[in-house]
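Below: one structure, written as structure tokens.
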Amino acid sequence: MSERPEPLRYPFTSDECLAPAPRYAELRDAPMPRVRLPYGEDAWLVTGYADARSVLSDARFSLRAGAERDQPRMRPQSISGVGLLSTDGAEHARLRGVVARHFGARRVDRLRERVCETAEALLDRLEETGPPGDLVQGFAFPLAITLICDLLGVPEDDHHRIRRWLDVMLAHAVTVEDFTAQSQEFGAYLAELVELRRREPGDDLFTCLVRAHDEEDRLSYDELFELAAELLSAGFVTTYHQISNFCYLLLRRPEWLSRLRDRRADIPAAVEELLRYVPMPNGLVFPRYATEDVEVGGVLVRAGEPVLVDMSAANRDPAVFEDADDLILDRVPQAPHLSFGHGAHFCVGARLARLELQVALETLLVRMPGLKLAVGDAELRWKTEAMLRGLHGLPVEW
């Protein structure tokens with residue numbers, strides 16, 4: 001077993017927003033490091049693919065165990081909940097069982113027509129008002145939030161309010177006072193939706209959650225709220241960031257766009273490669289605590305110690321992915337990427353996210369064959385103080 005290393009400051013930084021920090025390459029052949037975030041206790045950092053899969057699927061590493069600990073985090077406020085991202089084992093399986101059928105293959109596949117119609121309508125609007133147009137504000141964001149809100153039964157008029165709340169709650173530098181105020185507003189809004197769906201039930205996921213609490217005794221009131229908040233936030237924030245990130249990368253290499261336009265059957269594989277390649281989380285961590293002594297990568301993680309799994313780093317592991325730092329759109333991977341996680345906590349909405357990403361790219365390629373960036377890289381603004389990597393805007397012409 002190796003000696004305990006001095007903790008490194010984490011998250012690591014890079015000069016390019018969609019490039020991994022150089023520190024990761026330095027760590028590849030070194031023992032698993034300990035890291036220190038701005039707040040909370042030190043943690044072990046897993047960056048290798050095999051170790052990441054091992055930790056993510058090992059019941060001896062618990063998300064729930066962090067509820068009573070000083071969890072490593074980016075902000076002073078510590079958050080512990082009762083939702084999918086805070087529970088393990090039978091408790092997690094029970095919560096997942098309430099919502100999983102809404103994200104199953106058959107139901108998601110039936111949404112394809114709605115996703116296509118929404119994408120087409122948004123591009124109609126862009127064409128009417130531009131060029132130039134903004135692919136973030138005019139396409140990626142409204143596409144992703146419209147679809148998750150349709151699924152949940154959230155009114156369209158509330159989309160921008162929801163985005164405002166979540167932009168604050170996913171920022172690094174937010175004050176405790178502002179975070180608390182926005183969280184309370186968001187919570188009050190969810191309470192209003194609960195009452196609305198009690199009075200006017202529909203064929204939507206929010207109604208399902210309310211029934212699971214009111215009639216089926218499958219959820220506590222706190223669990224209802226947290227599931228709703230998790231699904232609403234995770235259901236669009238990551239997807240709209242990735243749509244714009246993917247478009248940015250492809251627009252920088254027009255030959256890739258041309259190739260995918262000519263070979264649209266390759267788009268699903270290209271989306272998987274882009275998911276592997278783009279390191280989206282930026283300090284968004286979910287500490288897992290060892291419930292007993294466990295050896296990981298030749299290092300002894302003692303019971304009660306937290307471990308962070310950096311899935312973006314694992315996706316660039318050269319031991320698993322040949323030319324791991326290259327974007328190869330027709331890559332035939334030897335193993336699946338970990339961008340949706342692994343094991344019991346594999347993203348429940350992964351199939352819907354894949355559908356949205358594939359349709360978004362295909363619709364853009366077909367409708368706008370002359371699509372190109374309207375500004376240079378120096379004029380683009382990145383969300384450097386947010387927990388997810390993304391652009392404030394992506395001006396384009398066609």
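The values are calculated or read from the model by the stated rules, or taken from the named source; none is laboratory data. Note that this is a predicted model, so its numbers are computed, not measured. When we count neighbours, we look across all protein chains shown, and the Cβ atoms used for this are built from the backbone with ideal geometry, even at glycine. For accessibility, only protein heavy atoms count, side chains too; no ligands or nucleic acids. Shrake-Rupley method; radii C 1.70, N 1.55, O 1.52, S 1.80 Å.
Assorted remarks:
- Residues that are under 30 Å from Cys247 (Cα atoms) and free of Cβ contacts under 8 Å to residues at least 40 places away in the same chain, drawn from the range 275-331: Glu322, Asp323, Ala324, Asp326
- Candidates Val136, Val194 - the one that is touching a Phe, Trp or Tyr at 6+ places or on another chain (Cβ under 9 Å), farther than 30 Å from Leu251 by Cα and open to solvent by less than 10 Å² (accessible area, probe 1.4 Å): Val194
- Considering the range 259-307, and only residues there that are among the small types (Gly, Ala, Ser) and either open to solvent by 10 Å² or more (accessible area, probe 1.4 Å) or in contact with a His (Cβ under 7 Å, 6 or more places away or on another chain) (or both), the residue that is farthest from Ala171 (Cα to Cα) turns out to be Ala265.
- Residue count for the range 45-64 under the criterion of being open to solvent by less than 40 Å² (accessible area, probe 1.4 Å), in a helix (DSSP H, G or I) and under 23 Å from Gly89 (Cβ atoms): the result is 3.
- Some residue of the range 140-148 being part of a loop (DSSP other than H, G, I, E, B), closer than 30 Å to Met368 by Cα and not small (Gly, Ala, Ser): no
- Checking Arg112 against (1) open to solvent by less than 10 Å² (accessible area, probe 1.4 Å); (2) at pLDDT 95 or above, the condition it does not meet: (1)
- Flag for Asp42 being buried (at least 16 other Cβ atoms within 10 Å of the Cβ), modelled with pLDDT of 95 or more, of a type outside the set (Ser, Thr, Tyr) and more than 19 Å from the chain's Cα centre (by Cα): yes
- Here Gly153, Gly133 are screened, and the one residue that is at positive phi and not acidic (Asp, Glu) is Gly153.
- Residues of the range 80-128 satisfying the condition of being of a type in the set (Lys, Arg) and part of a helix (DSSP H, G or I): Arg94, Arg96, Arg101, Arg106, Arg107, Arg112, Arg114, Arg125
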